[in-house]
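Structure first, then comments.
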Number of protein chains: 2
Amino acid sequence: MENVSYFKGFPDRFSGITVSSSEEYLTITNFEDTLQASLQRWNELKMRAIWFNVDLNHSEWVPILAKNGFTYHRAQSDEVTMVRWLPKDEPNNIPRYAHNMVGVGAFVVNEEGELLVVQERFYKHPHWKLPGGYVEPDEDIQDAAIREVKEETGVDTDFQSVISFRHVHGANFGCSDFYFIVHLRPKSKEITMCKNELSACQWMKIQDYIDSPFVHQTNRFFANAYLEGNKRGVHIKATDIYQDYLKKYQKVYSVHFDSDDKSDSGVNGKL
Amino acid sequence: MENVSYFKGFPDRFSGITVSSSEEYLTITNFEDTLQASLQRWNELKMRAIWFNVDLNHSEWVPILAKNGFTYHRAQSDEVTMVRWLPKDEPNNIPRYAHNMVGVGAFVVNEEGELLVVQERFYKHPHWKLPGGYVEPDEDIQDAAIREVKEETGVDTDFQSVISFRHVHGANFGCSDFYFIVHLRPKSKEITMCKNELSACQWMKIQDYIDSPFVHQTNRFFANAYLEGNKRGVHIKATDIYQDYLKKYQKVYSVHFDSDDKSDSGVNGKL
């Protein structure tokens, strides 16, 4: 090969290299020659994982990477990431990408002991469910619950506690699915229903909800768990813990005892 | 266009179509002509999301799909999924793919009140952490914890409860990260350390762990939460709930009171 060029890329702390098409696309005249020369050099340098972030607009790189031993690792709307593990004497230890969807259900109870319940527009059978939806990237579960309640019902809320969570497999896109039930306190009462998503929305006495034939067993369980936690004064609360080595707070959820609120126990306070 | 061919695809209940290259690759002579004719027909039929699952070996379809308005949705090692939302009068309501990694830390306590702790081989500073790792596809968190403890330390364990969970953002691959702390009871005591991953592994008195300078604040919090839950007889337990409409069990985690174990409360029993 004459005038051989190589990818620059960025090294990582695991002896890997990441090449981004958005950085190098314009400088490459023959992608496959550059790729093969670079792979040979990376092999000589004993590099391990070779990553390519390929912008949607540069996707003609994708079939050439596939032909040269790369596989897919993950994708966002406008970018796919492909990877090749170079070492022949060491098993591939690259973590798999995320494969659990995370959703929230909001358990909003007003001062009259009424629960905010909804019926989905596209659901075939009558069925009272909790407002909710998927968490967005970088969103805390309580913020997702507050946002979904506002979008679907117009009600403003505050976070109180996590009541329960469910983990099931074989859900959307072949993923597993976490569903966190978040207890919220309403700051407003008037309902402004989102007509795109819902066919009904109302306040319902919790006991009526538990007794309704149009409530799934899991939601009935959540309602009973809510009543039980309230009766005992025991809730799953969030604590912000400062991590010295990261210089930032981490959000941790654990069992909290109402009776400790007057004392200074340390376990449940902000550490 | 002469001799126009169309993709078959599979319809879904949301007025969408999924085309899989593994089904149709061999029957298509001109991919772009077939794609454009099919898009025109799907528009006339008022279809909504058009999905293409493209096998790694058929990845020359990818740049052509990108040129025709498709974006990435998700990828597995040997397949990328691209999607185009056709309706012009309705916002794209396709859920984003998973963006939360899920890991477990195992809190293994023996009958002498000692905790199973490890040091990672690649960690720069001395640091006693809990054995653990990422959950595998379709794996329950307790099974992931049991598997990781066995792989890293050789110790066999049983699931007891969930002590706590942490949710942080900006973790691996730009994902957020859930980390569940799972209390396990050891069924064996002898340690066989995995030398690929660990530099040290031992049983340590829980109070010594809490007092150690080589323990991060979050792990110290988990240890205190474990002691507190034990003292009060309150734990986050798993319940299998049968869903009539799905004809299967769902795993739900919620606060459980040891004092109820003798009674028949319904909330914490298998429903």
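A short reminder: the numbers here are calculations on the coordinates, not readings from a lab. No experiment lies behind these values; they were computed from the predicted model shown. So basically every Cβ, Gly included, is an ideal-geometry build from the backbone, and we count neighbours across all protein chains shown.
Structure summary
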read-out	value
Residue-averaged beta-carbon neighbours from other chains (10 angstrom radius) around A:9-16	0
Whole-number percent relative contact order across region B:142-271, with pairs defined as alpha carbons under 8 Å at least 6 apart	20 percent
Cα-based reach from A:LYS46 at 20 Å (exclusive), listing lysines while leaving out same-chain residues under 8 positions away	A:LYS8, A:LYS88
Among A:PHE222, B:ASN57, A:ASN92 - extreme Cα towards positive end, dipole of the protein assembly as shown, charges at beta-carbon	A:PHE222
Over chain A, relative contact order from alpha-carbon pairs under 8 Å, at least 6 apart, %	13 percent
Residue-averaged 222 nm ellipticity for chain A, from DSSP H runs of 4+ at -39500 (n - 2.57), nearest 500	-6500 deg cm²/dmol
Number of partner chain Cβ atoms within 10 Å, mean per residue of A:55-68	5
Which of B:SER5, B:SER254 has the fewest Cβ neighbours within 10 Å, and the rest in rising order	B:SER5, B:SER254
Label point distance in nm, A:TYR25-B:ASN110, each placed 7 Å from Cα along Cα→Cβ	5.8 nm
For the protein assembly as shown, alpha-carbon Rg and Dmax in angstrom	26.0, 82
Shielding of A:156-166 by partner chains, average beta-carbon count, 10 Å	3
Nearest-first distances (nm) between copies at B:LYS251, label 7 Å from Cα via Cβ	2.4
In sequence order, calculated HN-Hα J values of region B:134-144 (Karplus, 6.51, -1.76, 1.60; Hz; x Gly/Pro)	7, 6, 8, x, 6, 9, 6, 4, 5, 5, 4
Vicinal HN-Hα couplings computed from phi for region B:29-35 (Karplus, 6.51 cos²θ - 1.76 cosθ + 1.60; Hz; Gly/Pro x)	8, 10, 4, 5, 4, 5, 4
Region A:10-85, relative contact order [Cα under 8 Å, separation at least 6], %	32 percent
Stretchable slack from B:ASP33 to B:LEU45, in nm (0.36 nm times residue separation minus alpha-carbon distance)	2.5 nm
Residues whose placed amide H lies under 5 Å from that of B:HIS99, excluding near-sequence neighbours	A:VAL102
Kirkwood estimate for chain B, i.e. one over the average of 1/r between Cα atoms, Å	22.7 Å
Principal axis dimensions, largest first and in whole angstrom, of region A:1-127 by Cα	79, 32, 26
Copies compared at A:GLY174 - label distances in nm, ascending, label defined 7 Å from Cα in the Cβ direction	2.2
Count of lysine pairs in region A:100-234 with Cα separation under 26 Å (8 or more residues apart, or interchain)	20
For region B:221-229, Karplus couplings with θ = phi - 60° (6.51, -1.76, 1.60), whole Hz, Gly/Pro x	4, 4, 5, 5, 5, 4, 4, 5, x
Candidate aspartates and glutamates for bridging to B:LYS67, where Cα separation is under 15 Å - those fewer than 8 sequence places away on the same chain excluded	A:ASP55, A:GLU60, A:ASP78, A:GLU79, B:GLU32, B:ASP33
A:LEU26, A:LEU184 arranged by Cβ crowding within 10 Å, fewest neighbours leading	A:LEU26, A:LEU184
Residue order, fewest to most surrounding Cβ atoms within 10 angstrom, among A:MET101, A:MET82	A:MET101, A:MET82
Label 7 Å beyond Cα on the Cβ vector: A:ASP89 copy-to-copy distances, nm	6.7
Under 18 Å from A:LYS248, Cα to Cα: aspartates and glutamates that are on another chain or at least 8 residues apart	A:ASP138, A:GLU139, A:ASP140, A:ASP240, B:ASP177
